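The next block holds one structure in the form of structure tokens; read it before the comments.
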Amino acid sequence: MVVDDNPQMRMALKQILEAEKHQVVEAENGKIARELIPLESPDIIISDFQMPFLDGLELLRWVKMNQKTPFILITAFGHIIETQQAFKDGADDFLTKPFKKADILAAIQKILSAQTPETPKNLDQEFCRIPIDDFISNDGIRIGIHIRLSPEKYLRVAHQGDDIQAERVDHYKSKGVDYLYAKKDEFALLVGFNIKLAKMVKSSTALDFEKKTNFLRYTTETVMENMMVNGVHKTSFNHAKECMKTYVSLLSESESIFQIMSALNSHGNWLYGHSLGVSVYSIMIGKKLGWTSTVTFFKLGMAGLFHDIGSKEIDLRILEKDRLLMNNEERTTYETHPYRGKEILERLPEVSGEVVQIVYDHHENCTGQGYPRHISKDKIHPLSKVIAVADHFCYQALKSPYSTGAQPREIVDKMIQIYSQELDGPALHALGALCM
Ligand SMILES: [Fe+2]
């Protein structure tokens, strides 16, 4: 049964379905459909959302209260709240306007083949998140964009090639949508596109430092998300490299630790925010130490970005705990992350041995009581000592499940008081000078 007040739409659907040998009954609104359903006993109902007398949502509720006929609701981009409601009310599938013939046939096929119900599949591993605040609306988006209704149900709201205007994104935001989603195999395309855009953003004279930082933060988040979901491989590593090159050059525009802080704290994912923070502040510390080599800054930036990559393999419940509150078992697991990071990076010929070493040593300390190797001060890679200072700082300065973010100056004073034996003195004081 096709329920729609628009005769052209009903006709188009009818033609598509009849060409596939389905019998079609038409109803021009929900009220008429309600009268016809008991007489016709349709196998599937495909209904528009907005209709006079009785709309699609009301019809759906009536259908689900009285019988179990599968229901496909046709929605528009603006109806996100109603779509979420319809999902709760039992809609079996959705078609978002404008849809294609293949979408309708796929939705019907899915319902017909699911007559013998199987356990719904958790799709969370198949999608990557894009924080809606950072989503760049543009013409002809290169990937399909989805909204998550539940772990088992993602609704596609834009096809590859559709135009997504800023107003539409704002509309979703106003309806409380925090994230848009892309299929993970398409996500890498978005990352590549963002990196190209980031280079343009970086060289733009029309944008201020804060806007540029915000865009780069977003680009890095997509790069990190891609690595977390799709794994660290040649392409994702090269994306990170491109991103870091742009960062190193952007950081020549400002020396203010504070200007970057708000961008880092608005990171959708605190783990990525932390990695980027360590990366950026390590470069700034390096500069304050009087270093000038771009190659060194690049190594610091990459090692900063990857320093906790090993934690990718550790349970999030452990990572979200304050390190001081971990029990012995949790601490032992947590402390495997430098080694796991080393193993992940060593598999990639693109990663320099030095970056691997810096990542491996980032929890060693100058008293020889760090981990995993408990090596002495002179054996620790010099750049690891800078990363360790930035890591300590970001652990307390940035917002996370275990920190609300303290004032930079206070943190550095405390670090000097408590950790001056463990951390590298010159790097610690360089950070102090940045926080003046
Ligand atoms: Fe770490």
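A compact table of results
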item: Test: residue in the range 423-435 that is touching a helix residue (DSSP H, G or I) at 6+ places or on another chain (Cβ under 8 Å), at pLDDT 95 or above and outside any helix (DSSP H, G or I); result: yes
item: Complete set of residues in the range 346-366 that are within 15 Å of the ligand (Cβ to nearest atom) and either in contact with a Ser or Thr (Cβ under 7 Å, 6 or more places away or on another chain) or β-branched (V, I, T) (or both); result: V355, V356, I358, V359, D361, H362, E364
item: First in the range 344-372 and assigned by TED's automatic domain parsing to the domain that holds G304 and at positive phi, second anywhere and part of a loop (DSSP other than H, G, I, E, B) and surrounded by fewer than 20 Cβ atoms within 10 Å (Cβ to Cβ), Cβ under 7 Å, 6 or more apart; result: G368/H374; G368/I375; G368/S376
item: Residue within the range 334-345 that is in a helix (DSSP H, G or I) and away from the ligand (no atom under 16 Å from the Cβ) present; result: no
item: Unique residue being surrounded by fewer than 18 Cβ atoms within 10 Å (Cβ to Cβ) and closer than 19 Å to A427 by Cβ when the list is V280, V248, V295; result: V295
item: Residues being exposed (fewer than 13 other Cβ atoms within 10 Å of the Cβ), farther than 23 Å from W270 by Cα and either within 27 Å of the chain's Cα centre (by Cα) or β-branched (V, I, T) (or both) - total across the range 400-426; result: 1
item: Any pair with Cβ under 7 angstrom, 6 or more apart, that starts in the range 386-413 at a residue that is in the same structural domain as M302 (by TED's automatic domain parsing) and in contact (Cβ under 8 Å) with a residue 40 or more places away in the chain and ends at one that is of a type in the set (S, T, Y) and crowded, with 20+ Cβ neighbours inside 10 Å; result: V386/S282; I387/S282; A390/Y281; A390/S282; F393/Y281; C394/Y281
item: Filter pass, P70 being in contact (Cβ under 8 Å) with a residue 24 or more places away in the chain, more than 18 Å from D5 (Cα to Cα) and assigned by TED's automatic domain parsing to the domain that holds K110; result: yes
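The values are calculated or read from the model by the stated rules, or taken from the named source; none is laboratory data. Worth saying up front: this structure is predicted, and the values here are computed from it rather than measured. Ideal geometry is used to build each Cβ from the backbone, glycine not excepted, and the neighbour counts take in all protein chains shown.
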